[in-house]
Amino acid sequence: MSDSYDANAVITPEGVDELPRTYRVISVDDHLCEPPDMFEGRLPAKFQDRAPRVVEQDNGDQVWTYENRVFPNIAVNAVVGLPKEKWGYEPVRFDKIRKGSWDIHARIADMDLAGIEASLCFPSQVAGFGGVTFADSEDKELGLAVTRAWNDWHAEVWAGSYPDRIIPLQLPWLPDPVVAAEEVRKNAARGFRAVTFPEYPTNVGYPSFHTNVWDPFFAACEETDTVVCIHTGSGRWAPLPPNSEGPRTIRVSLFPVNAMVCCADLLWSEIPVRFPNLKIALAEGGIGWVAMYLDRLEYMETRAGSFGNEWSSKEISPAEVVRRNFYFCSLDDPSTISTRDRIGLDHIMMEVDYPHADSTWPDTQKIVHGTLGGLPENEIEAITHGNAERLFRFPLAKK
């Protein structure tokens, strides 16, 4: 990335009044880049000098280091404000990416610019979308302390600075579901509404959904009304063709498949049957596959032997569980928004994906209008913000 290019100068908050803000938007999939000082003073004294930290390399790059591992700030993770030809995968300095990526006050200004009234922000590379990095710690006591420190910072700084604008999202503690459940309860008591979780636990070294191991964790989520938010890519797996030597764009183009596979895995684990009030939100998977999958599930019901003895519930069908327990996030689904009633209008929400390459920012209002503008007003309100308000128990300020 050119040293002379300033992502913060491309679009400035002074331009807010020049952009129409017609729709009230809650984005249920954005991201934060952890700032360099986030762990300072947040760990027990015996761990403080081993906390993740940002170091400057000889070539001037800034990278996170933790337990002898290096986690660069990859440019494409924070490209808002940059023209496409400047996107790349090289490490970048904090002062070369848009400040709203890592500074909460600048983030709120950028949200105002695009008419985004509230945001749920997943972690970035140093923590992993599903909290996997800290769970992988060689020293598990340190890993738990770092996880708690991340959650403390999120509660106090990222969400705490603007409690009416940021929906609090916590990292889970994956190595021990019982401890994870205790953390969910503690965090719910101080205002957290959601927890991120990896798509495929087995792919990151933990037990399958198809066991009872995770029941304490999901029981705590159900009990506290904590939404389980699962982001595409959090399970370190992608549905790539076998032995493919093709470009990484294959992986990106198949993001919706990730969401469908994760939904199927959780559905057939019957976790949402054992915990009927559990709420699961799938991020960055779109909605285009959902109606098709519901059709498939219902078709299977009419064919002898399709389910066999693999579905224990006699009270509710697999398709009904999908429509009851799962929530879906739309970035831009103009061709499939017509399936909204089949999916369940009250289970569709919007995402902006700031500051990633997929983000609709700063054109969110225009893109929302292109996808939803022809719908009845009550349906637009439900999808842009009403469903998220209800799911996350996060009412917007009255206007």
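Can you tell me which residues in region 36-62 are in a loop (DSSP other than H, G, I, E, B) and open to solvent by less than 50 Å² (accessible area, probe 1.4 Å)? It would help to see each step written out before you state the result.
We begin by selecting, within region 36-62, every residue in a loop (DSSP other than H, G, I, E, B); these are 36-44, 49-52, 57-61.
Once the filter is applied, which keeps residues that are in a loop (DSSP other than H, G, I, E, B) and open to solvent by less than 50 Å² (accessible area, probe 1.4 Å), region 36-62 yields MET38, PHE39, LEU43, ALA51, PRO52, GLY60, ASP61.
Using beta carbons and a limit of 7 Å, which pairs, at least six apart or on different chains, have the first residue in region 314-341 and at pLDDT below 95 and the second one assigned to a loop (DSSP other than H, G, I, E, B) and of a type in the set (D, E, K, R)? These pairs meet every condition: LEU331/GLU284; LEU331/GLU351; LEU331/ASP353; LEU331/ASP358.
Close contacts from region 350-361, counting a first residue that is without any contact (Cβ under 8 Å) to a residue 60 or more places away in the chain and among the hydrophobic types (A, V, I, L, M, F, W, C) and a second that is part of a loop (DSSP other than H, G, I, E, B) and surrounded by 24 or more Cβ atoms within 10 Å (Cβ to Cβ), with Cβ to Cβ under 6 Å and a gap of 6+ residues or different chains, come to none at all.
Please determine, by comparing only the residues of region 386-399 that are open to solvent by 60 Å² or more (accessible area, probe 1.4 Å) and part of a loop (DSSP other than H, G, I, E, B), which one is modelled with the lowest pLDDT. Reasoning before the result, please.
Filtering region 386-399 down to residues open to solvent by 60 Å² or more (accessible area, probe 1.4 Å) leaves 390, 393, 395, 397-399.
Checking the rest, the ones that are also part of a loop (DSSP other than H, G, I, E, B) come to 393, 395, 397-399.
On the way: ARG393: 98, PRO395: 98, ALA397: 90, LYS398: 85, LYS399: 77.
Here the residue is LYS399.
Restricting to region 153-165, count the residues that are of a type in the set (Asp, Glu) and surrounded by 19 or more Cβ atoms within 10 Å (Cβ to Cβ). Going through region 153-165 one residue at a time, the tally reaches 0. Quick test of your reading of the structure: GLY128 fulfils all but one of (1) in contact with a Leu (Cβ under 7 Å, 6 or more places away or on another chain); (2) assigned to a loop (DSSP other than H, G, I, E, B). Name the failing condition by number. Answer for GLY128: the failing condition is (1). All of (1) at pLDDT 90 or above; (2) open to solvent by 10 Å² or more (accessible area, probe 1.4 Å); (3) over 21 Å from HIS231 (Cα atoms) hold for LEU113 with one exception: (2).
Of the residues that sit in region 211-233 and are under 25 Å from ALA189 (Cβ atoms) and of a type outside the set (A, V, I, L, M, F, W, C), which one is surrounded by the most Cβ atoms within 10 Å (Cβ to Cβ)?
Just the residues of region 211-233 that are under 25 Å from ALA189 (Cβ atoms), to begin with: 213-231.
Among the residues that remain, those that are also of a type outside the set (A, V, I, L, M, F, W, C) are: 215-216, 222-226, 231.
Numbers: ASP215: 15, PRO216: 17, GLU222: 19, GLU223: 15, THR224: 18, ASP225: 15, THR226: 24, HIS231: 27.
The residue in question is HIS231.
Of all residues in region 343-373, those satisfying the criterion of being more than 30 Å from ILE97 (Cα to Cα), at pLDDT 95 or above and either acidic (Asp, Glu) or assigned to a loop (DSSP other than H, G, I, E, B) (or both) are GLY344, ASP346.
Residues of region 362-371 that are in contact (Cβ under 8 Å) with a residue 60 or more places away in the chain, surrounded by fewer than 23 Cβ atoms within 10 Å (Cβ to Cβ) and touching a helix residue (DSSP H, G or I) at 6+ places or on another chain (Cβ under 9 Å): PRO362, ASP363, GLN365.
Of all residues in region 307-342, how many are aromatic (Phe, Trp, Tyr) and either loosely packed, with under 14 Cβ neighbours inside 10 Å or not in a loop (DSSP other than H, G, I, E, B) (or both)? The number of residues fulfilling the criteria is 3.
Collect the residues in region 212-245 that are assigned to a loop (DSSP other than H, G, I, E, B) and without any contact (Cβ under 8 Å) to a residue 40 or more places away in the chain, keeping them in residue-number order.
Just the residues of region 212-245 that are assigned to a loop (DSSP other than H, G, I, E, B), to begin with: 212-214, 225-226, 232-245.
Within region 212-245, ASN212, VAL213, TRP237, ALA238, PRO239, LEU240, PRO241, PRO242, ASN243, SER244, GLU245 qualify.
Checked against (1) of a type in the set (S, T, N, Q); (2) open to solvent by 70 Å² or more (accessible area, probe 1.4 Å); (3) within 25 Å of ASN387 (Cβ to Cβ), SER253 meets all criteria but (3).
Total residues in region 180-205 satisfying the condition of being of a type in the set (A, V, I, L, M) and surrounded by fewer than 17 Cβ atoms within 10 Å (Cβ to Cβ): the figure is 1. Scanning region 136-149 for residues that are touching a helix residue (DSSP H, G or I) at 6+ places or on another chain (Cβ under 8 Å), surrounded by fewer than 24 Cβ atoms within 10 Å (Cβ to Cβ) and under 17 Å from ALA194 (Cα atoms) yields a single hit, ARG148.
ILE383 meets the conditions (1) in a loop (DSSP other than H, G, I, E, B); (2) over 13 Å from ASP29 (Cα atoms); (3) open to solvent by less than 60 Å² (accessible area, probe 1.4 Å) in every case but one. The failed one is (1).
The values are calculated or read from the model by the stated rules, or taken from the named source; none is laboratory data. Keep in mind it's a predicted model, so treat the numbers as computed, not measured. Glycine also receives a Cβ, built like all others from the backbone with ideal geometry; neighbour counts cover every protein chain displayed. Heavy atoms of the whole protein, side chains included, go into the accessibility calculation; ligands, DNA and RNA do not. Shrake-Rupley method; radii C 1.70, N 1.55, O 1.52, S 1.80 Å.
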